Amino acid sequence: MKYFEVEFTISPFSVDAADLFASLAGEAGFETFEDTETGLKGYVQQSLFDEDTLRACIEDFPFEGTSIIYNVREAEDRDWNEQWEQEGFEPIVIADQLVIHDGRHLPEVDSKVQIEIDAKLAFGTGTHETTRMICTQLLKLAKGRVLDCGTGTGILSICALKLGASEAVGYDIDEWSADNARHNAVINRVDDRFTSLLGDASVIDTIDGNFDIVLANINRNILLADMPKFVSKMHEGSLLILSGFYSDDCEILLEKAHSIGLEFVSKTTDQDWACLVLKH
């Protein structure tokens with residue numbers, strides 16, 4: 001997967017300004033930031049970089065008198081989960097019913113459902129708030145046929161299958177992710193009910209039939225663009241579970257949802273992140 005490394009110089013610099021800008025720049029596709037002496041260094045997949053949105057974030061930045069300049073360069077092609085692969089992560093317990101762990105750290109608690117994730121150059125180990133919120137929803141909603149949009153490591157599909165879904169189809173624009181999702185499905189012994197496809201939302205048109213649940217843990221702008229595609233594979237009563245965006249984004253997402261025949265079911269939040277459940 002190819003990334004851009006973008007260095008931001010914030011003047012005058014303050015931690016509050018840097019934190020606020022990092023949250024706003026997520027709308028332009030940025031996945032992670034590192035602190036620097038004069039600002040931030042951000043990383044974004046080349047295929048997801050929305051420079052127009054980034055410029056708008058800078059122009060509309062609410063700290064009066066603050067200047068933000070940036071420099072874009074191609075990032076070193078390396079394993080973006082190198083630290084995770086070397087060190088792993090402590091088991092993650094969700095609602096005392098679901099445990100997500102790696103092969104190095106086995107859970108010490110009994111759990112109804114256990115998921116082992118081996119991340120190879122793919123995003124999504126369950127540590128992120130948005131993944132946790134969707135998994136929490138799946139504890140009570142998993143059923144039938146599931147479409148997993150932007151599957152990453154396949155964690156949401158695997159969770160759904162272990163909680164009662166009959167079949168899951170995932171797709172991802174990144175080749176490493178699509179392959180890693182298949183690998184994790186094998187580890188968790190659900191590969192006979194899981195299909196991983198390579199592509200963006202247009203791949204949805206190649207899939208036969210509708211889905212009972214559609215999952216999408218993606219940034220706001222992609223959700224707004226792809227939501228009609230999701231709906232095209234839903235039937236009356238199907239559920240759409242969305243996350244990957246901030247609480248402040250809920251209003252615009254709900255407006256889009258209502259315009260294409262979806263109704264609000266519930267909203268949950270964790271830190272500044274949000275998760276919406278919608279019904280066709």
Quiz item: Taking K and R as +1 and D and E as -1, what net charge do the other residues with C-beta under 13 Å from the C-beta of His128 add up to?
Solution: -3
Self-check item: Listed residues Pro91, Pro12, Pro228, most fluctuating in the chain (Gaussian network, C-alpha, under 10 Å)
Solution: Pro12
Self-check item: DSSP beta bridge pairing in the chain, given as percent antiparallel to the nearest 5
Solution: 60
Quiz item: If the cut-off is a Cα-Cα distance under 28 Å, which lysines reach Lys256, setting aside same-chain residues fewer than 8 apart in sequence?
Solution: Lys140, Lys143, Lys229, Lys233, Lys267, Lys279
Quiz item: If you average the sequence gap of Cα pairs under 8 Å that are 6 or more apart and divide by the length of the range 174-265, what percent do you get for the contact order?
Solution: 25
Quiz item: Using the Karplus equation 6.51 cos²θ - 1.76 cosθ + 1.60 (θ = phi - 60°), what ³J(HN,Hα) coupling, rounded to whole Hz, does each residue of the range 19-33 give in order, writing x for Gly and Pro?
Solution: 5, 5, 5, 4, 5, 5, 5, x, 5, 8, x, 5, 9, 8, 9
Practice problem: Take the chain, connect every pair of alpha-carbon atoms lying under 10 Å apart with a spring to form a Gaussian network, then pick out the residue of Asp174, Asp270, Asp192 with the largest mean-square fluctuation. | Solution: Asp192
Quiz prompt | Highest-MSF residue in the chain out of Leu147, Leu215, Leu139 [GNM, Cα springs under 10 Å] | solution = Leu139
Quiz item: Taking GluC sites (Glu not before Pro) that fall in a DSSP loop and have at most 12 other Cβ atoms within 10 Å as cut points, what is the longest piece of the chain between them?
Solution: 109-280
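None of the figures in this text is laboratory data; all of them are computed from the coordinates on show. Fair warning: this is a prediction, and the values are worked out from it, not measured in the lab. Note: ideal-geometry Cβ built from the backbone for every residue, glycine included; neighbour counts use all protein chains shown.
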